[in-house]
1. Take the residues in the range 64-107 that are polar (S, T, N, Q) and open to solvent by less than 40 Å² (accessible area, probe 1.4 Å); name whichever of them is farthest from the chain's Cα centre (by Cα).
2. In the list Gly301, Gly273, Gly269, which residue meets the criterion of being within 16 Å of the ligand (Cβ to nearest atom), surrounded by 15 or more Cβ atoms within 10 Å (Cβ to Cβ) and at positive phi?
3. Against the conditions (1) closer than 23 Å to Glu93 by Cα; (2) assigned to a loop (DSSP other than H, G, I, E, B); (3) open to solvent by 20 Å² or more (accessible area, probe 1.4 Å), where does Ala136 fall short? Just the number, please.
4. Among the residues of the range 43-63 satisfying the criterion of being β-branched (Val, Ile, Thr) and in contact (Cβ under 8 Å) with a residue 60 or more places away in the chain, which is least open to solvent (accessible area, probe 1.4 Å)?
5. Can you tell me which condition Ser40 does not meet? The list is (1) assigned to a loop (DSSP other than H, G, I, E, B); (2) open to solvent by 20 Å² or more (accessible area, probe 1.4 Å); (3) under 30 Å from Pro300 (Cβ atoms), and all the others hold.
6. Which residue is surrounded by the most Cβ atoms within 10 Å (Cβ to Cβ), if the candidates are limited to the range 183-207 and must be more than 8 Å from the ligand (Cβ to nearest atom) and hydrophobic (A, V, I, L, M, F, W, C)?
7. For the range 68-96, what are the residues that are in a loop (DSSP other than H, G, I, E, B) and farther than 24 Å from Glu195 by Cα?
8. Scanning the range 283-298 for residues that are assigned to a loop (DSSP other than H, G, I, E, B) and more than 17 Å from Arg235 (Cβ to Cβ), which turns out least open to solvent (accessible area, probe 1.4 Å)?
Amino acid sequence: MDMKQKVLVTGGTGYIGSHTIIDLIQHGYEVVCVDNGSNSDTSPLQTIKQLTGVEVPFYPLDLCDLDASEQIFVDHPDIRGIIHFAALKAVGESVEKPLLYFKNNLESLMNILTLALRYKVKGFIFSSSCTVYGDAPESPVTEQTPWQEAASPYGRTKQIGEHIITDTIKDSAMQGILLRYFNPAGAHPSGIIGESPINPPQNLVPVITETAIGRRDQMTVFGTDYPTRDGSCIRDYIHVMDLARAHTLALQYLFDGKQNQSCDVFNVGIGNGLSVLEIIAAFEKETGVKLNYKLGPRRPGDVVAIYADYSRAAQLLGWQPQFTVRDIMSSAWKWEQYRTQLMENSLK
Ligand code: UD1
């Protein structure tokens, strides 16, 4: 019997979701996608078809609508796994609109869990974040590092989300894996799919590439007086295809029956802490493009430094990062140039 196992990817037209769909298809999974289009259009689905030859069934639905979302499972009662990316993720916006974040991120999570249990889904993977550690006293952080107060309502939705999942599936036949991402960046090596949000990106690498291509006049380094080697914040930048791979491996781990407990948790970062200024220098070196940046004040809610101990994912999931910071920069730049070309052509 060589039946492909079916996986529902929520938030599948977004940045990490779309890259994960590619990895899943390339590793023999059948994918169904749902997205409410709040921060992405459906063009990644066409690119996925171009890259893999597969047309992914797509539901343009909001998971906050439980009844509408049930249609996915009526049409595909054989969904065995769910990878739940769908969520709002702008830290600053969450400070201004906390209820929007709690309502959207938690209601959609509770609905998808309700459907997962109703339709006897076997494995559930959740997009958690290193933000659950808050302002960690030291790095690298392990999965055992105690949580600090979340720095934003967004961060709190990830903390609460982890609790909701753990409590909900405790006595069920479904098993869960919480993946705590560090800072995803870069694009598929083809350069024809990458991060393409509808709302202006706030994250460092897309801000860098948008500045380099001239869509922004100048960028700001948020804070140069942190207690770090050069005064700017330190993060763990992980290539989006390495992160995608972690999801496929996590799902396989559950399907292979390798997990003993009901719910487990893994850090997914590459363990290499780099400062904002080092990232800017890496971009300039890799691409030969000079960035127009200025040094500015701290951004509220930022933590000083955080990077991962990923030995648990290495040991249990067999996950190892394959891409370097140079790969992140070259692929992000390739994608920025490609998508700018696409946008210019569509204006002609
Ligand atoms: C944050 C969250 C992360 C979340 C992600 C989603 C924390 C600790 N992390 O990541 O959980 O998933 O947002 O969006 O809350 N920077 C600049 N100039 C810029 C943009 C960024 O200097 O124009 C700096 C930031 O101050 C920070 C670093 O670059 O030091 C990375 O920022 P960003 O890419 O926004 O990610 P995080 O804030 O680390």
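The values are calculated or read from the model by the stated rules, or taken from the named source; none is laboratory data. Just so it is clear, the structure is predicted and the values come from calculations on it, not from any experiment. Cβ coordinates were reconstructed from backbone atoms using ideal geometry, including for glycine residues, and neighbour counts include every protein chain displayed. Surface accessibility is based on the protein's heavy atoms, side chains included, excluding ligands, DNA and RNA. Shrake-Rupley method; radii C 1.70, N 1.55, O 1.52, S 1.80 Å.
1. Narrowing the range 64-107 to residues polar (S, T, N, Q): 69, 71, 94, 104-105.
In the following step, the residues that additionally are open to solvent by less than 40 Å² (accessible area, probe 1.4 Å) were identified as 69, 94, 104-105.
On the way: Ser69: 22, Ser94: 17, Asn104: 17, Asn105: 14 Å.
Ranking the candidates gives Ser69 first.
2. Values: Gly273 fails: at positive phi; Gly269 fails: at positive phi.
The match here is Gly301.
3. (3)
4. Here is the first cut: in the range 43-63, the ones β-branched (Val, Ile, Thr) are 47-48, 52, 54, 56.
With the extra rule that they be in contact (Cβ under 8 Å) with a residue 60 or more places away in the chain, the set shrinks to 47-48.
On the way: Thr47: 20, Ile48: 0 Å².
The residue in question is Ile48.
5. (2)
6. Of everything passing the filter in the range 183-207, Ala187 is surrounded by the most Cβ atoms within 10 Å (Cβ to Cβ).
7. First, pick out the residues of the range 68-96 that are in a loop (DSSP other than H, G, I, E, B): 76-78, 85-90.
Across the range 68-96, the qualifying residues are His76, Pro77, Asp78.
8. Filtering the range 283-298 down to residues assigned to a loop (DSSP other than H, G, I, E, B) leaves 288-292, 297-298.
Okay, now just the ones that are also more than 17 Å from Arg235 (Cβ to Cβ), so 288-292, 297.
Values: Gly288: 67, Val289: 34, Lys290: 163, Leu291: 15, Asn292: 76, Pro297: 104 Å².
Selected residue: Leu291.
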